[in-house]
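For reference, the structure is listed below as structure tokens.
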Amino acid sequence: MQTTSDEALIGRIAGGDKLAMQVLFARHHVRVYRFVLRLVGDASRAEDLINDVFLDVWRTADKFEARSQVSTWLLAIARYKALSALRKRPDEELDDETAGAIEDPGDDPEKAMQKKDTSEILRQCLTKLSAEHREIIDLVYYHEKSVEEVARIVGVPENTVKTRMFYARKRLGELLKAAGVERGWP
Amino acid sequence: MNTIKNKVSEREEIEALLPWHAAGTLSRREAQKVEQALASDAELATQYETVRQDLAETIGLNESLGAPSARVMQRLMADIEADASTARRTRSSFSLGEWLSDKLSSFSPRTLAWSATAAALAIVLQAGLLAGMFVNDRQGNLSYTTASVPLEQTVKPGTDALISFAPTATAGEITKLLQTYKMAIVEGPSGDMYTVRLAVTGIPKEELSKVIKQLQNEKTVRFVGQKSAD
């Protein structure tokens, strides 16, 4: 069975085809939702934001130039929406740099250490990374984005993408070490 | 010295690419370079193992986040309907086919059935009127061309009957009946009665009674009778 490509769907959406919009939404909304949820940390807010993301797609489909994958374009819009929403929150009025540097203050590593399962500890540590590091790890590992695509979504040079990913991994290793898991690197 | 620096820089480059290699998003050329380095560098291989663990757990973590509720799609479609750009696009790309399809899909099956019946009858009526006009036209021509011939010798008026169809009769059944008897609706409905033309010329009384009787036995016919001449 041949499925319609995302690019073809965008073309039809630009022409006002609502069914194509539903197909695109069905194809991508879960991943976009998870990406946004990891950024904003609130399920109901994430739902509102993905609604905004796809409404933007409906409005601006005719401007899509196919220089990147449709999923990359969606994640770039989602990221912009999520960061804008975070900026609007009065208790989170932080500039990008500060916001990116702050790690999730959730559980402390000691608590995680009590759990024997390395896999569980690793997941705990993944949630403790800073927003900037969480984002890049998700984009590379879960959303399967190439260096170039991550650079497009995040809006930084490709070398910065590589360096940021390296430091995110390093930080994750340090968190694991602190939680009692020694992996031999870093 | 430069060679050592280059080697260090190359190793760092490979190290930086490990996450993309694990995710399978490197080009073939880059992937081959990483594979070669992994085969000859134990420390790098250890690092790669941690990358694979991180990848697996990141996927697991994201998958555990669940999915948005179904109402998100409903809300989005409602927002799209209400969006100004939707109306603009609909106006600029108006399609008669899509419009008709949208309208028809909004009707109930019963309404559609009635509409189809009415449409079929309208077509038949129109056909009858056209046939009538054609006949009248021919009559007109004949009267001009045969001005010296007495009127009684020209074509006689058609033979009509009054008919009402069974309430359960479908448009298809009515059309088939009209075709079988070579009839055309020329007038109506008046109440539920239609005037049908059985023949464009007068037909003998016996033959007319026979046709009327046959029609009375048709299940699609509720009532049929000869129409008195005006």
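The values are calculated or read from the model by the stated rules, or taken from the named source; none is laboratory data. Note that the structure is a prediction, hence the values are computed from the model and not measured. Using ideal geometry, Cβ is built from the backbone for each residue, glycine included, and neighbour counts are taken over all protein chains shown.
The single condition among (1) within 21 Å of A:I77 (Cβ to Cβ); (2) over 14 Å from the mean Cα position of the chain (by Cα) that A:V154 does not meet is (2). Being surrounded by fewer than 13 Cβ atoms within 10 Å (Cβ to Cβ) and assigned to a strand (DSSP E or B) is the filter here; which residues of the stretch B:158-199 pass it? Passing the criteria: only B:S190. Residues in the stretch A:117-158 that are modelled with pLDDT of 95 or more and over 25 Å from A:Y33 (Cβ atoms): A:P157, A:E158.
With the structure loaded, tell me whether B:S40 is of a type in the set (S, T, Y), at the interface with another protein chain (Cβ under 8 Å from one of its Cβ atoms) and more than 20 Å from A:H143 (Cβ to Cβ) or whether it fails that test. Taking the combined requirement at face value, the residue does not satisfy it. Counting only residues that are buried (at least 21 other Cβ atoms within 10 Å of the Cβ) and touching a residue at least 24 places away in the same chain (Cβ under 8 Å), the stretch A:143-155 holds 4 of them.
Can you find, within the stretch A:33-44, the residue that is nearest to A:Q69 (Cα to Cα) among those that are buried (at least 17 other Cβ atoms within 10 Å of the Cβ) and more than 9 Å from chain B (Cβ to nearest Cβ)?
The selected residue is A:V36.
Restricting attention to the stretch A:1-18, which residues are under 25 Å from B:S69 (Cβ atoms) and facing another protein chain (nearest Cβ under 10 Å)? If the condition is that a residue be under 25 Å from B:S69 (Cβ atoms) and facing another protein chain (nearest Cβ under 10 Å), then A:I13, A:D17, A:K18 are the ones that fit. In the stretch A:60-89, the residue that is surrounded by the fewest Cβ atoms within 10 Å (Cβ to Cβ) out of those that are among the aromatic types (F, W, Y) and closer than 15 Å to A:S5 by Cα is A:F64. Of the residues making up the stretch B:200-223, not a single one is outside any strand (DSSP E or B), closer than 23 Å to B:A119 by Cβ and at pLDDT below 80.
Every listed requirement among (1) small (G, A, S); (2) at pLDDT 90 or above; (3) surrounded by fewer than 13 Cβ atoms within 10 Å (Cβ to Cβ) is met by B:S95 save one, (2).
Here's the yes/no breakdown for (1) at pLDDT 95 or above; (2) out of contact with any Ser or Thr (no Cβ under 9 Å at 6 or more places or on another chain); (3) surrounded by 10 or more Cβ atoms within 10 Å (Cβ to Cβ); (4) at negative phi:
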{"residue": "B:E12", "(1), (2), (3), (4)": "no, yes, yes, yes"}
{"residue": "B:L26", "(1), (2), (3), (4)": "yes, no, yes, yes"}
{"residue": "B:L44", "(1), (2), (3), (4)": "no, yes, yes, yes"}
{"residue": "B:E81", "(1), (2), (3), (4)": "no, yes, yes, yes"}
{"residue": "B:R91", "(1), (2), (3), (4)": "no, yes, no, yes"}
{"residue": "B:K103", "(1), (2), (3), (4)": "no, yes, no, yes"}
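Scan the stretch B:25-36 and tell me whether some residue there is facing another protein chain (nearest Cβ under 8 Å) and farther than 24 Å from A:F25 by Cβ. Looking through the stretch B:25-36, at least one residue is facing another protein chain (nearest Cβ under 8 Å) and farther than 24 Å from A:F25 by Cβ.
Listed here are the residues, each with its yes/no results for (1) closer than 20 Å to B:S85 by Cβ; (2) modelled with pLDDT under 95; (3) acidic (D, E).
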residue: A:Q2; (1), (2), (3): no, yes, no
residue: A:S5; (1), (2), (3): no, yes, no
residue: A:A14; (1), (2), (3): yes, yes, no
residue: A:A20; (1), (2), (3): yes, yes, no
residue: A:V32; (1), (2), (3): no, no, no
residue: A:L49; (1), (2), (3): yes, no, no
residue: A:F64; (1), (2), (3): yes, yes, no
residue: A:L74; (1), (2), (3): yes, no, no
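Evaluated against (1) at pLDDT 75 or above; (2) in contact with a strand residue (DSSP E or B) (Cβ under 7 Å, 6 or more places away or on another chain); (3) not in a strand (DSSP E or B), B:V124 falls short on exactly one condition, (1).
Being over 20 Å from B:L65 (Cβ atoms), outside any helix (DSSP H, G or I) and within 12 Å of chain B (Cβ to nearest Cβ) is a condition met by no residue of the stretch A:149-170.
Please specify each residue of the stretch B:71-87 satisfying the condition of being more than 8 Å from every other protein chain (Cβ to nearest Cβ) and closer than 25 Å to A:L139 by Cα. Matches in the stretch B:71-87: none. Of all residues in the stretch A:49-72, those being free of Cβ contacts under 8 Å to residues at least 12 places away in the same chain and under 17 Å from A:A26 (Cα atoms) number 2.
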